Structure formats: structure tokens, C-alpha cells
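Report on the structure given below.
The values are calculated or read from the model by the stated rules, or taken from the named source; none is laboratory data. In this text the structure is predicted, and so the values were computed from the model without any measurement. All Cβ positions, even for glycine, are placed from backbone atoms using ideal geometry, and neighbour counts span all protein chains on display.
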Amino acid sequence: MLDANIAFVPSFVESYNQAATMMQPVGGMDRIAYAFAEQLQAEIFYGTEVSGIFRTGTGVRIEGRTATEQGALETDYVVVTIPPSVLRDIPNDFSPGIQTAIEQTQYANPTKIAFQSPRFWEKEEQIYGGISWTDSDILQIWYPSGGFGQDQGILVGSYLFGGGNATNFGNLSPSARIELALTAGEKVHSQYRANLSQGISVAWSKVPYSLGGWATSNPSPLLLEPDGPFLFAGDHLTYLRGWQEGAVISALNALSKLADAAA
Ligand SMILES: Cc1cc2nc3c(=O)[nH]c(=O)nc-3n(C[C@H](O)[C@H](O)[C@H](O)COP(=O)(O)OP(=O)(O)OC[C@H]3O[C@@H](n4cnc5c(N)ncnc54)[C@H](O)[C@@H]3O)c2cc1C
């Protein structure tokens, strides 16, 4: 009871955004984004980086570039969904208060590593899904919540939500991350090193166009209102940060404000 972290696990699974029942899209989280993309199709410019967002007097000019071309699009309004961690470095003429709010949005730096493995945790330890919490640098091990009884499965060997451990993990080379996860994980499962392969890791603070996992600061009220032709949306503007539901709620807010502004 003297361990300061003892309350973390029970409180984590009962928090409002982590409690059961958890739904998961069949085929993976990105199926939701792909389902939206199917509806939009020709409206999406893939491989195009927004390099500037400026007022024109009557609307907005969005500058962009591909690997081979530069161009611009002029429109009456824009809903900006680029995360503040990236947006702060894109040239713009947002109002000074908006620029400050974007600059001050804080981001978590989560990391993950996953492995392929025969499902020894099912066959030998009767573990079917769920999480093993540890007090080591990997924090947690996730077991696949589907495909029970199949030969192989994907095991999440560490998921750090942020902070110093995540910074240290992210600064390691890919092979050193694998070694760290194996060393800590084999204290939980002796079969680990002999079975796990194909380790692949992500440090979201180093992923271009994300530069972080999710906002940790509360949404700025300024970013919830139009700034002339600019509106802003994203999960960082809700209290469901780090959840796609937050991004959808925020988009609905932005569209409602856009309808008011354009009326
Ligand atoms: C580790 C981790 C685990 C998560 N787990 C879950 C989960 O289990 N369930 C869940 O619901 N959510 C989860 N999320 C959160 C989910 O990913 C976000 O809520 C969601 O992606 C936010 O959507 P968004 O549109 O606001 O931002 P994003 O998805 O970040 O979209 C922003 C888009 O802008 C693009 N972009 C950035 N810069 C530029 C530029 N200069 N030019 C053009 N495009 C640009 C990016 O490429 C990206 O496509 C997780 C997030 C992380 C990091």
C-alpha cells in the first residue's frame, strides 16, 4: 500500500474514457478514417503538404506542395484539422491570440512496440486478451483481443502514454527498443525471447505530421470560435483528447459554427 502507483491500475480502467465496454473497429482503428475517405474520394489531395494558410480579404488561401509541384487553393472558409504540434510551424496569419493558443497546446509523447509471436500466452497461460501491468519501463503488455486459438498473434510489448520513460524509449534505436521490451517482458513471461519476432516500434513525437500523440492541455476557448475565415477542429479541442470520438465531436462543432458564419 506504500507504492505511490498502486491506485493507477484500478483507477485507469474505471476512468470515463477507458471503462468497459470498449468497442474496436473490425480490421483496425484506421478503418474509420478509410470509411470517411470512401465518402469523400475526389475531395482528398493525397501526398500534398499544406505549407501556408493566409487570409485573402474575402476568404483564405491555402498553399501546398507535393514532391514535384507547388500550388494554392482559394476558398471562403477553411476548417483546419492539422494538429497544433504541427500547425505551429506552418506559416499563417491567424490572429495573434489564436497563434498563441496553438503554440501553447501541450502534447503527450506516447510510444508503442509490437511483436509477432506464437500465442503461448493462450496455450500455456490461459490469457485471452487484456493487459498485464508492470512496474518496469514497458509499463504494460497487451494481448490480442481476437483471433483466439490461431497459431500467431500480435502482442503489444510496451505502451507508454508519455513522460520521461517514453522520451527515453523514443530516443533509443529501433533495435535497442526491441531489447528493452524483451528484457522487461521476459520477467513476466519466460517464453518471451524464444517466441517474439518482427519487433516494430513507434514514438509519436517523431512521426512527421503528428509530432506527438494527443494534447494534454485543456482546449483553448479561442480555438472553438471562428477566426475570420479560419475554423479549427480536432480531438485536441474537446475533453475526449486521444479519441476519434473527440475529433468527430469537434468537427461537428466547427461545422455548426461555419454554418452560422456563412448564414
Ligand atoms: C498511440 C495512440 C493510440 C490511440 N488509440 C486510440 C483508440 O484506441 N481509439 C480512438 O478512438 N482513438 C485513438 N487515438 C486517437 C486518434 O488517433 C485521434 O483522436 C484522431 O486521429 C484525431 O483525429 P484528428 O483528425 O483530430 O487528427 P489526426 O488524425 O492527427 O489528423 C490530422 C491529419 O493532418 C495531416 N497533416 C498534418 N500536417 C499536415 C500538413 N502540413 N499538410 C497536410 N496534412 C497534414 C496528418 O497527416 C493527419 O492525417 C490514439 C492516438 C494515439 C497517438
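Could you please let me know if Asp235 is acidic (Asp, Glu), under 16 Å from Ala101 (Cβ atoms) and without any contact (Cβ under 8 Å) to a residue 24 or more places away in the chain? Full working, then the answer.
On the way: acidic (Asp, Glu): yes; under 16 Å from Ala101 (Cβ atoms): yes; without any contact (Cβ under 8 Å) to a residue 24 or more places away in the chain: yes.
Yes.
What are the residues in the range 211-239 that are near the ligand (Cβ under 8 Å from one of its atoms) and either more than 23 Å from Ile32 (Cβ to Cβ) or assigned by TED's automatic domain parsing to the domain that holds Gly59 (or both), if any?
Residues satisfying the conditions are Ala233, Gly234, Asp235, His236.
Restricting to the range 109-131, name every residue that is of a type outside the set (Phe, Trp, Tyr) and surrounded by 19 or more Cβ atoms within 10 Å (Cβ to Cβ).
Start the filter on the range 109-131 by keeping residues that are of a type outside the set (Phe, Trp, Tyr), which leaves 109-114, 116-119, 122-127, 129-131.
Hits for the range 109-131 are Asn109, Pro110, Thr111, Lys112, Ile113, Ala114, Ser117, Arg119.
Among the residues of the range 132-164, what is the count of those that are surrounded by fewer than 17 Cβ atoms within 10 Å (Cβ to Cβ), out of contact with any helix residue (DSSP H, G or I) (no Cβ under 8 Å at 6 or more places or on another chain) and under 30 Å from Gln106 (Cβ atoms)?
So the answer is 4.
Among the numbered criteria (1) touching a strand residue (DSSP E or B) at 6+ places or on another chain (Cβ under 9 Å); (2) more than 10 Å from the ligand (Cβ to nearest atom), which single criterion is violated by Pro110?
Pro110 satisfies all of (1) touching a strand residue (DSSP E or B) at 6+ places or on another chain (Cβ under 9 Å); (2) more than 10 Å from the ligand (Cβ to nearest atom) except (2).
Is it the case that Thr68 is exposed (fewer than 14 other Cβ atoms within 10 Å of the Cβ) and either touching a His at 6+ places or on another chain (Cβ under 7 Å) or polar (S, T, N, Q) (or both)?
On the way: exposed (fewer than 14 other Cβ atoms within 10 Å of the Cβ): yes; either touching a His at 6+ places or on another chain (Cβ under 7 Å) or polar (S, T, N, Q) (or both): yes.
Judged against the criteria, Thr68 is a match.
Within the range 128-141, is even one residue closer than 26 Å to Trp243 by Cα, part of a loop (DSSP other than H, G, I, E, B), within 14 Å of the ligand (Cβ to nearest atom) and free of Cβ contacts under 8 Å to residues at least 60 places away in the same chain?
For the range 128-141, residues closer than 26 Å to Trp243 by Cα, part of a loop (DSSP other than H, G, I, E, B), within 14 Å of the ligand (Cβ to nearest atom) and free of Cβ contacts under 8 Å to residues at least 60 places away in the same chain: present.
If Asn195 meets every condition in (1) within 16 Å of the ligand (Cβ to nearest atom); (2) in contact (Cβ under 8 Å) with a residue 60 or more places away in the chain; (3) among the polar types (S, T, N, Q) apart from one, which number is that one?
The number of the failed condition is (1).
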